[in-house]
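Here's the structure we're looking at; comments come further down.
The values are calculated or read from the model by the stated rules, or taken from the named source; none is laboratory data. What you see is a predicted model, and the numbers here were worked out from it, not measured in a lab. Note: ideal-geometry Cβ built from the backbone for every residue, glycine included; neighbour counts use all protein chains shown.
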Amino acid sequence: MKKLVFILSVVLFVFTIQAQETSIPNVEIKTLDGKVFNTSDIKNDGKPIIIDFWATWCKPCVQELEAIESVYKQWQEETGVKIYAISVDNSRSMSRVAPFVNTKGWEYEVLLDPNSVFKEAMNVVNVPHVFLLNGSGEIVHQHTAYADGDEDELFELIKKVAKGEKIED
Amino acid sequence: MKQSLLIIFTILSLYVFSQENIKGQLHGNFNIDVQQYSEDTIIGASKPSELILMNAYGNFNYTYGNFSAGLRYEAYLNSLEGFDKSYNGQGIAYKYLSYKNQKDLGIIVGNFYEQFGSGLILRSYQEKMLGYDNAFEGVKVNYSGIRGVSFKGLIAKQRLFWTVGDGIVRAIDGDFSINEMFQLENNTQITIGGSFVSKFQADKDPILKLPENVGSGAARLSLSNGGFMLSSEYAYKSQDPSSDNGYIYKNGEALLINATYSAKGIGVYLSAKRVDNMSFRSDRGQKINNLNINYIPDISKIHTYTLASMYQYATQTNGEMGTRAEIMYKFKKESFLGGKNGTEISVSYATAYDINRVSANDTTAIAIKGYDGYKSNFFEIGDELFYNDLNIGLHKKIGDKFKLNVEYLNQTINYEQLRGEVDHSGNKMVYSNIGIVDLTWKIKSKRTLRFEFQGLFTKQDKQDWAMGLIEYTMAPHWFIAVYDAYNYGNLHSDLKIHYVNTSVGYMKNSTRIQLSYGKSMEGVICVGGVCRVVPATNGFALSITSSF
C-alpha cells in the first residue's frame, strides 16, 4: 500500500509538471470493410477533428450523431471539421454497424473498435464520449453523455479551435 | 512480478521527469459506484451486514514517446450485491509496460486484452457492469511490417479475481488484406485471417486421463463489394473435457456468418451461427464467467428498454443454432410516409434452437462423463427452442419539437434452459408481448422532456408489467428522472409491487455524477450475450465517473 501511494504521488507529480496537450494513442482498429486501421492515421490536414465513441445499442449516442448529421454539412463548410465515429459494438453487433449507418445516411468516418482497445486507450468509461482535437491533433476538450442541445456548445468550441483560439475547459 | 513492474514504472516516471524537452502524458479515468441497502422483504431486497458497499477503480496510463505504462487500481469494499464476493479487497489488478514503434512492432509485458477475429477461440476483455475480467498476464508481441499483413502472438495466464488461473494460453493470429498485399485496384475487398490457440493445464484427475494440451484453430474471411459485405469465421477445438460439458471427450465447433447489404436509406442484415461444445477456459474446472479464453457472440438483438430486456438471451456454449434477419428502411423526407423529416422503420427476427444430439455409439448413452459424449449432424437443428424474438420499430421526428420511438416485440424464451430453473409460476417457457412508446419533447433550447411508456404482457412468470418514465434534461449539466415499474398483473396481490426510482445527474466535460434512490427489480444484466444476475435492491446509489 505504501508503494502504491509513492507511485501515485510520483505519477501525479510528473503529471502536474507536464504540459497537458496530448495526441491520441496509436492502436489498431478496423474499417467497416474489415481492414486494419491504425489510429495514428486519424488526420484532417490541420483542421479540427471530432472523435465520437458510440454504439448502435446506445440511444443517446445515436441521438447525438443524428443531431450532428443535420448540421454536419454546415459545420464542415464553416470550420472544415471531420468526424470519426468509433463504434464500440462488439463482435455480437459490429456487422450491423454498416447497414445501420447507411440506413441513416450518416457521412461520418465510421470505424470499428470491437474489443474496446481504442476506447480504453482513450480512457473512455461510458459512451457517448466525444473528443475535440485541434489542428495539431491535440485533445483540447472532451465530453461524456448527451443532452439535447449539447451539439450547439460543441460547435461553438469547434469554431474557436478552427480559428486557433484556446479553449478553457 | 507486481513489485518489479512497479519499480520499473517508477524509474520510467523519474526518467521522464529528468528529460525536460520530451513531453510525457498521463491520462486515466475513475469510476466509483456506491450503494446503500435497505431491507425490503416483499421485493426480496436484502440488507448486507456492511449496509453500504462499493465497487471502484481508477486507470492510469502514462505515455512517453514509444513507451507506455499503466495500472488499474481496484477497490471492492465490499463488492456490490450481485457481484462475486471473491472480488472483495483492493489493490492493483492490472499493470503493463509496452513499447510500440510507429507502425510495425509492438511488445507488451504485464496485463493486456486481446481478440482474434470475432472471438470464437480467443477474446479477453473486461466489462465492469458484469464484473467480467479475463485479462491476460504475460507477454504479447505484434508485428505488421509486411504490407497488408499483421501478426500477433501471446503467451499468458488469465486473471481470476485477485490471482491468475492455473492454465497457460499460447496463441498466434494473422490478418491478411489481399488487396493491400497485392495492391489490387478492384472493387472487391478481401481480408482473410487465421488463428491458433492452445492451452496447457496439468492433469490431476485421479480417474480420467485428461488432455493437458488442448488446441483450437479458426479461419475467417471477409468480403466486401460496394454495399455488400460478408464476414464469416469457423472454429474447431480438440477434445476438452470440462465441467461445462460434463467431462466428455468430444471436439468442439463453431461457425458464424454475417451478411449485409446497405445503400443510403436501406440496410439488410442476416446472421447465422452454430455452436457445438465450444466452452473454452484456461481452467477446465471453472464455471460462470471465470477464465474464459473465448467469446461466442450472441446474435439476438440488443434491447435496452427495461421491459424489453427482461427476458434476455445468453449464448449457450454447449450447443445452439441461431439465425437473425433484420431490415432497416428510411422513408425519404417529403415522401408520403416520410413526412417532413423522414421516417425510419426496422423489422428484426431472431431465433435460436438447441443442436441435435445422438449417441456416439450403440453402447453409451448421450453425454456420459469420460466418454465421447454424442454425435451431432452439422446441418440439423435440434428440437428444443431456446429463444424467439420478433421486433418491429418505428423512429420519427415530428416537426422540430418531437421525436417518437415506437417498438413492438414478441418474445419467447426458454427460461429453464437460460436460468437453470423454472420461472416464478413454474413454467419452462415464457411467452411475452411488449409495447414501448418513447417520446422526446424539446420544450425550448436546452430543455427536454422525455416520456417512456412500456407494457409487458405474459401469462407466465410474474405476469403483466407496466412502466412509465419521465426525464427532464437541462443541457448541458443537469437531468432528473423518475420511473415506476408496476407488476400489476402478479397473481399474488401482495406482490403487485410498484418499483419507484428517482435519479438526478450532473455532467460536466468528462465527469458524470448520478445519485438515485428507490427500488430496483431483480433481473439479469447482459452485455454481448454474457449475463449477470442482479438482485432486487432498495436504497441510495451514487455513481461517479471521470476521465482525464
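Quick check on B:ASP484: is it assigned to a strand (DSSP E or B) and touching a residue at least 60 places away in the same chain (Cβ under 8 Å)? Before the answer, list the steps.
Numbers: assigned to a strand (DSSP E or B): yes; touching a residue at least 60 places away in the same chain (Cβ under 8 Å): no.
So B:ASP484 does not fit the description; no.
If a residue has to be surrounded by 18 or more Cβ atoms within 10 Å (Cβ to Cβ), in a loop (DSSP other than H, G, I, E, B) and more than 9 Å from every other protein chain (Cβ to nearest Cβ) to count, how many in the range B:504-523 make the cut?
1
Matching residues to (1) more than 8 Å from chain B (Cβ to nearest Cβ); (2) surrounded by 17 or more Cβ atoms within 10 Å (Cβ to Cβ); (3) part of a strand (DSSP E or B); (4) modelled with pLDDT of 90 or more:
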residue: A:LEU4; (1), (2), (3), (4): no, no, no, no
residue: A:ILE7; (1), (2), (3), (4): no, yes, no, no
residue: A:PHE13; (1), (2), (3), (4): no, no, no, no
residue: A:THR16; (1), (2), (3), (4): yes, no, no, no
residue: A:ILE24; (1), (2), (3), (4): yes, yes, no, no
residue: A:LYS30; (1), (2), (3), (4): yes, yes, yes, yes
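Report, by residue number, each residue of the range B:455-478 that is of a type outside the set (Val, Ile, Thr) and within 14 Å of another protein chain (Cβ to nearest Cβ).
First, pick out the residues of the range B:455-478 that are of a type outside the set (Val, Ile, Thr): B:455-457, B:459-469, B:471-472, B:474-478.
Answer for the range B:455-478, where residues must be of a type outside the set (Val, Ile, Thr) and within 14 Å of another protein chain (Cβ to nearest Cβ): B:LEU469, B:GLU471, B:TYR472, B:MET474, B:ALA475, B:PRO476, B:HIS477, B:TRP478.
Could you grab me the full set of residues in the range B:71-95 that are touching a residue at least 40 places away in the same chain (Cβ under 8 Å) and on the phi < 0 side of the Ramachandran plot? Spell out the reasoning first.
Looking only at the range B:71-95, we keep the residues that are touching a residue at least 40 places away in the same chain (Cβ under 8 Å), and these are B:71, B:79-84, B:86-87, B:89, B:91-95.
B:LEU71, B:SER79, B:LEU80, B:GLU81, B:PHE83, B:ASP84, B:SER86, B:TYR87, B:ILE92, B:ALA93, B:TYR94, B:LYS95 - these are the residues of the range B:71-95 that are touching a residue at least 40 places away in the same chain (Cβ under 8 Å) and on the phi < 0 side of the Ramachandran plot.
Looking only at the range B:336-383, filter to residues that are within 14 Å of chain A (Cβ to nearest Cβ), over 19 Å from B:MET321 (Cα atoms) and of a type outside the set (A, V, I, L, M); which one of those is nearest to the chain's Cα centre (by Cα)?
This residue is B:SER346.
Of the conditions (1) more than 9 Å from chain A (Cβ to nearest Cβ); (2) closer than 20 Å to A:ASN90 by Cα; (3) more than 19 Å from the chain's Cα centre (by Cα), B:VAL268 fails just one. Which one is it?
(1)
Mind counting the residues in the range B:227-265 that are assigned to a strand (DSSP E or B), more than 30 Å from B:GLY342 (Cα to Cα) and either among the charged types (D, E, K, R) or at the interface with another protein chain (Cβ under 9 Å from one of its Cβ atoms) (or both)?
Step one: list which residues in the range B:227-265 are assigned to a strand (DSSP E or B), which gives B:228-237, B:252-263.
Next cut, more than 30 Å from B:GLY342 (Cα to Cα) only: B:231-237, B:252-257.
Cutting the leftovers down to either among the charged types (D, E, K, R) or at the interface with another protein chain (Cβ under 9 Å from one of its Cβ atoms) (or both) gives us B:231, B:233, B:237, B:253, B:256.
The total comes to 5.
Taking B:ASN405 as the residue in question, decide whether it is touching a helix residue (DSSP H, G or I) at 6+ places or on another chain (Cβ under 9 Å) and within 12 Å of another protein chain (Cβ to nearest Cβ).
Working: touching a helix residue (DSSP H, G or I) at 6+ places or on another chain (Cβ under 9 Å): yes; within 12 Å of another protein chain (Cβ to nearest Cβ): yes.
Here the answer is yes, as B:ASN405 does meet what is asked.
Condition first: surrounded by fewer than 21 Cβ atoms within 10 Å (Cβ to Cβ) and either part of a strand (DSSP E or B) or facing chain A (nearest Cβ under 9 Å) (or both). Now tell me which residues in the range B:214-226 satisfy that.
As a first pass, look at the range B:214-226 and keep what is surrounded by fewer than 21 Cβ atoms within 10 Å (Cβ to Cβ): B:215, B:217, B:219, B:221, B:223, B:225-226.
Listed by number, the residues that qualify are B:GLY215, B:GLY217, B:ALA219, B:LEU221, B:LEU223, B:ASN225.
So, in the range A:106-157, exactly how many residues are among the acidic types (Asp, Glu), more than 30 Å from B:ILE443 (Cβ to Cβ) and more than 9 Å from chain B (Cβ to nearest Cβ)?
Within the range A:106-157, the subset among the acidic types (Asp, Glu) is A:107, A:109, A:113, A:120, A:138, A:148, A:150-153, A:156.
With the extra rule that they be more than 30 Å from B:ILE443 (Cβ to Cβ), the set shrinks to A:109, A:113, A:120, A:138.
Narrowing further to those that are more than 9 Å from chain B (Cβ to nearest Cβ): A:109, A:113, A:138.
The total comes to 3.
Scanning for something closer than 21 Å to B:TYR313 by Cα, without any contact (Cβ under 8 Å) to a residue 40 or more places away in the chain and either of a type in the set (D, E, K, R) or surrounded by 16 or more Cβ atoms within 10 Å (Cβ to Cβ) (or both), does the range B:357-379 turn up at least one residue?
If we filter the range B:357-379 for residues that are closer than 21 Å to B:TYR313 by Cα, which is where we start, we get none.
No, that holds for no residue.
Criterion first (touching a residue at least 24 places away in the same chain (Cβ under 8 Å) and closer than 20 Å to B:LYS330 by Cα) does A:ALA98 satisfy it?
Working: touching a residue at least 24 places away in the same chain (Cβ under 8 Å): yes; closer than 20 Å to B:LYS330 by Cα: yes.
In short, yes.
Confirm whether B:LEU439 is over 21 Å from B:ASN487 (Cα atoms), within 14 Å of chain A (Cβ to nearest Cβ), out of contact with any His (no Cβ under 8 Å at 6 or more places or on another chain) and not in a loop (DSSP other than H, G, I, E, B).
Numbers: over 21 Å from B:ASN487 (Cα atoms): yes; within 14 Å of chain A (Cβ to nearest Cβ): yes; out of contact with any His (no Cβ under 8 Å at 6 or more places or on another chain): yes; not in a loop (DSSP other than H, G, I, E, B): yes.
Yes; evaluated as a whole, the condition is true for this residue.
Residues being more than 9 Å from every other protein chain (Cβ to nearest Cβ) and either over 20 Å from A:GLN76 (Cβ atoms) or touching a residue at least 24 places away in the same chain (Cβ under 8 Å) (or both): count how many of those fall in the range A:32-44. Write out each step before concluding.
Just the residues of the range A:32-44 that are more than 9 Å from every other protein chain (Cβ to nearest Cβ), to begin with: A:37, A:39, A:41-44.
Within this subset, residues satisfying the condition of being either over 20 Å from A:GLN76 (Cβ atoms) or touching a residue at least 24 places away in the same chain (Cβ under 8 Å) (or both) are A:37, A:39, A:42-44.
Selection size over the range A:32-44: 5.
Can you tell me which residue is farthest from the other protein chains (Cβ to nearest Cβ) among those in the range B:152-193 that are among the small types (Gly, Ala, Ser) and surrounded by fewer than 17 Cβ atoms within 10 Å (Cβ to Cβ)?
Within the range B:152-193, the subset among the small types (Gly, Ala, Ser) is B:153, B:156, B:165, B:167, B:171, B:174, B:177, B:193.
Keeping just the survivors that are surrounded by fewer than 17 Cβ atoms within 10 Å (Cβ to Cβ) gives B:153, B:174.
Details: B:GLY153: 15, B:GLY174: 11 Å.
If we take residues in the range B:152-193 being among the small types (Gly, Ala, Ser) and surrounded by fewer than 17 Cβ atoms within 10 Å (Cβ to Cβ), then B:GLY153 is farthest from the other protein chains (Cβ to nearest Cβ).
Looking at the range A:69-105, which of the residues that are aliphatic (A, V, I, L, M) and within 14 Å of chain B (Cβ to nearest Cβ) is surrounded by the most Cβ atoms within 10 Å (Cβ to Cβ)? Can you show your working first?
Quick first cut of the range A:69-105, residues aliphatic (A, V, I, L, M) only: A:71, A:81, A:83, A:85-86, A:88, A:94, A:97-98, A:101.
This time we only want the ones that are within 14 Å of chain B (Cβ to nearest Cβ), so: A:71, A:88, A:94, A:97-98, A:101.
Values: A:VAL71: 13, A:VAL88: 26, A:MET94: 23, A:VAL97: 24, A:ALA98: 24, A:VAL101: 20.
My answer is A:VAL88.
Residues in the range B:116-134: is at least one more than 22 Å from the chain's Cα centre (by Cα) and either of a type outside the set (A, V, I, L, M) or part of a strand (DSSP E or B) (or both)? Explain how you work it out, then say what you get.
So in the range B:116-134, the residues more than 22 Å from the chain's Cα centre (by Cα) come out as none.
Checked the range B:116-134: no residue is more than 22 Å from the chain's Cα centre (by Cα) and either of a type outside the set (A, V, I, L, M) or part of a strand (DSSP E or B) (or both).
When residues of the range A:107-124 are filtered for being surrounded by fewer than 22 Cβ atoms within 10 Å (Cβ to Cβ), farther than 13 Å from A:THR56 by Cα and of a type in the set (A, V, I, L, M, F, W, C), how many remain?
Qualifying residue count for the region: 2.
With respect to A:ALA121, is the statement that it is at pLDDT below 90 and closer than 27 Å to B:SER546 by Cβ true? Walk me through how you get there before you give the answer.
Working: at pLDDT below 90: no; closer than 27 Å to B:SER546 by Cβ: yes.
It is false that A:ALA121 is at pLDDT below 90 and closer than 27 Å to B:SER546 by Cβ.
Would you point out the residue of the range B:109-129, among those that are more than 29 Å from B:ASP276 (Cα to Cα) and either surrounded by 21 or more Cβ atoms within 10 Å (Cβ to Cβ) or acidic (Asp, Glu) (or both), that is farthest from the other protein chains (Cβ to nearest Cβ)?
At the first step, the residues of the range B:109-129 found to be more than 29 Å from B:ASP276 (Cα to Cα) are B:109-111.
Adding the requirement that they be either surrounded by 21 or more Cβ atoms within 10 Å (Cβ to Cβ) or acidic (Asp, Glu) (or both) leaves B:110-111.
Numbers: B:GLY110: 14, B:ASN111: 11 Å.
So the residue we want is B:GLY110.
Considering only the range B:488-503, state which residues are aliphatic (A, V, I, L, M), surrounded by fewer than 17 Cβ atoms within 10 Å (Cβ to Cβ) and assigned to a loop (DSSP other than H, G, I, E, B).
Within the range B:488-503, the subset aliphatic (A, V, I, L, M) is B:491, B:495, B:497, B:500.
So of that shortlist, the ones also surrounded by fewer than 17 Cβ atoms within 10 Å (Cβ to Cβ) come out as B:491, B:495, B:500.
Result: B:LEU491, single match.
Residue-wise test of (1) modelled with pLDDT under 90; (2) at negative phi; (3) assigned to a loop (DSSP other than H, G, I, E, B).
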position	(1), (2), (3)
B:LYS273	no, yes, no
B:ASP283	no, yes, yes
B:ASN294	no, yes, yes
B:ILE299	yes, yes, yes
B:GLN312	yes, yes, yes
B:LYS330	no, yes, no
B:LEU337	yes, yes, yes
B:GLU344	no, yes, no
B:THR364	yes, yes, yes
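Are any residues in the range B:473-487 surrounded by 15 or more Cβ atoms within 10 Å (Cβ to Cβ) and closer than 30 Å to A:LEU132 by Cβ, and if so, which ones? First the steps, then the outcome.
Applying the first criterion (surrounded by 15 or more Cβ atoms within 10 Å (Cβ to Cβ)) to the range B:473-487 yields B:473, B:475-476, B:479, B:481-487.
B:THR473, B:ALA475, B:PRO476, B:PHE479, B:ALA481 - these are the residues of the range B:473-487 that are surrounded by 15 or more Cβ atoms within 10 Å (Cβ to Cβ) and closer than 30 Å to A:LEU132 by Cβ.
Among the candidates B:TYR87, B:TYR96, B:TYR73, B:TYR132, single out the residue that is at the interface with chain A (Cβ under 9 Å from one of its Cβ atoms) and either at pLDDT 95 or above or over 25 Å from A:SER40 (Cα atoms) (or both). I'd like the intermediate steps shown before the answer.
Values: B:TYR87 fails: at the interface with chain A (Cβ under 9 Å from one of its Cβ atoms); B:TYR96 fails: at the interface with chain A (Cβ under 9 Å from one of its Cβ atoms); B:TYR132 fails: at the interface with chain A (Cβ under 9 Å from one of its Cβ atoms).
When all the criteria are applied, what remains is B:TYR73.
Working only within the range B:409-428, note down all residues that are surrounded by fewer than 15 Cβ atoms within 10 Å (Cβ to Cβ) and under 19 Å from B:LYS301 (Cα atoms).
Residue satisfying the conditions is B:ASN410 alone.
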